[in-house]
Structure formats: C-alpha cells, structure tokens
1. State which residue pairs qualify: first residue at pLDDT below 85 and inside the stretch 350-370, second residue part of a loop (DSSP other than H, G, I, E, B) and of a type outside the set (Phe, Trp, Tyr) in any location, beta carbons under 8 Å apart, and separation of 6 or more residues or different chains.
2. Evaluate the following for GLU289: is it over 21 Å from THR378 (Cβ atoms) and either over 17 Å from the mean Cα position of the chain (by Cα) or at pLDDT below 85 (or both)?
3. If you check ARG320 against the conditions, is it in contact (Cβ under 8 Å) with a residue 12 or more places away in the chain and in contact with a Gly (Cβ under 6 Å, 6 or more places away or on another chain)?
4. Among the helices (runs of 4 or more DSSP H) lying completely within the stretch 84-167, list those that include at least 3 residues that are surrounded by fewer than 19 Cβ atoms within 10 Å (Cβ to Cβ) and either in contact with a strand residue (DSSP E or B) (Cβ under 7 Å, 6 or more places away or on another chain) or assigned by TED's automatic domain parsing to the domain that holds ARG66 (or both).
5. For the stretch 14-39, name all the residues that are at pLDDT 65 or above, part of a helix (DSSP H, G or I) and surrounded by 11 or more Cβ atoms within 10 Å (Cβ to Cβ).
6. Suppose we filter GLU243, GLU203 for residues that are surrounded by 12 or more Cβ atoms within 10 Å (Cβ to Cβ), modelled with pLDDT under 70 and part of a helix (DSSP H, G or I); which single one remains?
7. Being surrounded by 12 or more Cβ atoms within 10 Å (Cβ to Cβ) and either part of a helix (DSSP H, G or I) or among the aliphatic types (A, V, I, L, M) (or both) is the filter here, so list the residues in the stretch 55-64 that pass it.
8. Listed residues LEU180, LEU211, LEU198, LEU232; which is at pLDDT 75 or above and either part of a helix (DSSP H, G or I) or over 30 Å from PHE118 (Cβ atoms) (or both)?
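The values are calculated or read from the model by the stated rules, or taken from the named source; none is laboratory data. What you are looking at is a predicted structure, and each value in this text was computed from that prediction instead of being measured. Neighbour counts run over all protein chains shown; Cβ positions are idealised from the backbone, glycine included.
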Amino acid sequence: MIGRDRPRLESAVPSNWLANALRPAPDSAVAENLRLGKSGWSDYVHLLWTSWVFLTPLFGPGYTLRWALLTLASYPLFLWLYSRTLLSSRHHAPRYAMGMVAMSLVLVPWYPSGISYFIFGCVMLRVCRNGRTWVYVVQLLALNAVFVTTTHLSGWPWQTLVWIPFMSLVIGLVVNVETLNKERDAQLQLSQEEVRRLAATAERERIGRDLHDLLGHTLSLITLKLELSRKLYDRGDARARLEIGEAEEVARQALAQVRSAVTGIRASDLAAELASARLLLECQQVHLEYLPPPAMPVDVERALALVLREAVTNIARHARATTAQVRFERDGNELAMQVRDDGRGGVHTEGNGLIGMRERIDALRGTLQVKALPQGGTCIAVRVPLPPEATAVAMAAAVPLDAVSKEGT
C-alpha cells in the first residue's frame, strides 16, 4: 500500500507548488482587482506589448541564432517576473520589477529586444506599489539615466538614447495618473460604504429608541396592574378582575402601537431613497438632480420609493445616461412623480421590474407611463390619487414640476 501511494503523493507535490505559486497575496495587484470585481487575469492583457520582443529584429540585424537563444533564455524569465510582480505583496513586488530592469541592462550589449523588458520594469514599478508620485518620478529618472549610460557605453546610436527614455517616461507617467485615479475611486467607494454603514447604524439606534419609548412605559404599566391584580386576588377582592381587564386592554393597545411602528419601519422613506439613488448614480458617473419630496401618506410614499428604486436601477444598468432628474408636482388631488434621464431611451419589452412598478401603482389606483423623450432619454411618469385627509398637507408641501435643483441635496 505504501509503495502504491508514493507516486500519487509525489504527483501531488507539483500541483500544490503550482497552486501556491499562483495564489495572490492579500495585498497584491491581483487581489485588489478581485476585490473590485475584476478578473484576476485582467492585467495580463498588457503582455501583448511584449510582441515588440519579437518585432525588434526587423529594425536591426534581423533574426539571428544569438537572438533566438537569448529570447529562449530571457522571455520565460520575464514572464515569471511579471507574474510575481502582480501576485506578490506590495512590499516584495518591486524587487521583481527591478529584476526586469536588471535583466534588460545585462542584455543591452547583445540583445536590443531587451528594451521591452526595461520599459515593463519601469511601468510595473508603479503598478505594484502605492506611494508618492515624486518618489516614482525620481526612481524613473534614475533608472533611465543608468539605461542611457549603459547603452551609450555599448555603442548604441544616439537616436536610441533619446526615444527609449522618452517612451519609458511617458508610459510611466500615464500609468502613474491611472493608478492615482484608481486609488481615488477606491477611496470614494470606501467613503460611500462608510456613509451607508453610518446611516444604517443611525437607523438601528432610532428604531431602538422608538421601541424603548413605545414599550417601556406600557410594559411597566402592565406589570404594575398584574401585580396589583394578584394581590387583590389573594385577598379575594373582586377588583382583581377589573385590573386584569385593564391590563389586557393596555396590552392590546401596545400590540397595535407595535404593529403601526413596524409598518412605518418597513415603509421605505422617500428622502432616504433619493439619497441612496444619488450615491448609486454617482458611482456610474450620472448626476442626479432632485428636491426633497413633499409630505404624503405612508402607503403612497412606500410605493413611490419602490418605483424610484427600480427606475434608478434601470438607469444605472441600461440607460448610459449622464444626468437624471426626479420631480414632484401637486395637481389637484393627485401627486405626480417623474424620473427622467438623458440616456439612449426606449423600452421595447416590459421586464419584471417594470411590471412590479405597475402593480404597486395600480394598487393605489394610480397610473404609470414610460415614454421616450424627443431629445433622447426616458421618462417614467407616475400619478397617484391622494386621500382627502392628505390633500391639505400635500398642497402645503408640494414642489412645482419645473423647479429642479442643479445641486441636489
């Protein structure tokens, strides 16, 4: 049995070694892409630029045996260095980028294709490390000075001494700007997540305070009445039944209050939904314009909030818009809401989201229309009747349809 198991164990060693070699470090460039929802292989597409390794001989002495041997020896090593740069931690990755530069400097006298290794090393030095821009620029200038000196001593023409540093500096600075933008986007996403977390925490605290204020006094009253009824019962006093009945009535009132509070908690707040919509659309580079919604009954607010959520989700996913607007208007005993965007427009088939919106509005005996705008984009128009008791409040808080804030809230 031991003899038969040994080959199986020995064959598992290479696979385990390969799995460990391809496992990204928690702070590596590949791990960061995975956290952002990107493919772990997305950065490997840049290896297409290594085609210059195989095209460079066309501009020089041509394909020779020395070029072939040096390519067979250096290109696999370059691929390993590139992979380790992306998979290693930020602390260790720069040494692999410097390895590309060192390999290029060693091959300079005999291997012009090594220019690609040098440029890749300069670029990856920024990709794999989060640091200050001026530090990277100093490193870039120093590496180019060493490269120019080496190529000059190797007898390369002066044109090469100009365009190679120029290319490495330009590409390096472009990658530096892209990396800075990527870091700012990550910070913005973290700040938005922190806003959502703080909002959720504040909402939980508010619910806790409301329930404490709602039930604290009531439960204390029920406890006192039950204690009193027990004492009266022990003495054979007929008032015990009266106290128990009063405790039962208080409990029923508390139950009704809890149900009402839970209904209010479950209802979507339209103002909060507007703020959440703005955060979502800003992540998609869409500017949302809106004013605070007017006062309205809870069931109307809940329905409009759910319609708004679905409409904004469709804008973020499908509209390809740059701006969006949410408007409210009081028209007689009706409340109107419009959600507009300047995207590509048009709704050819109604999906589950639009069907769900119609069902919510139909339940309130309202109407929902989806139409393409002449100037481009889509408009979702909702009209919902208001009950008579809400008419005065709605009229006082209504917002004109043409009054749209350019700054939002």
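1. Going by the 8 Å Cβ cut-off, the qualifying pairs are LEU354/VAL347.
2. Working: over 21 Å from THR378 (Cβ atoms): no; either over 17 Å from the mean Cα position of the chain (by Cα) or at pLDDT below 85 (or both): yes.
In short, no.
3. Yes; evaluated as a whole, the condition is true for this residue.
4. Values: elements: 93-107, 115-127, 133-153.
In the stretch 84-167, the matching helices (runs of 4 or more DSSP H) lie at 93-107, 133-153.
5. Listed by number, the residues that qualify are LEU22, ALA29, VAL30, ALA31, GLU32, ASN33, LEU34.
6. Of the residues listed, the single one that is surrounded by 12 or more Cβ atoms within 10 Å (Cβ to Cβ), modelled with pLDDT under 70 and part of a helix (DSSP H, G or I) is GLU203.
7. Going residue by residue through the stretch 55-64, those that are surrounded by 12 or more Cβ atoms within 10 Å (Cβ to Cβ) are 56-57, 63.
Hits for the stretch 55-64 are THR56, PRO57.
8. On the way: LEU180 fails: at pLDDT 75 or above; LEU211 fails: at pLDDT 75 or above; LEU198 fails: at pLDDT 75 or above.
Within the list LEU180, LEU211, LEU198, LEU232, the selection yields LEU232.
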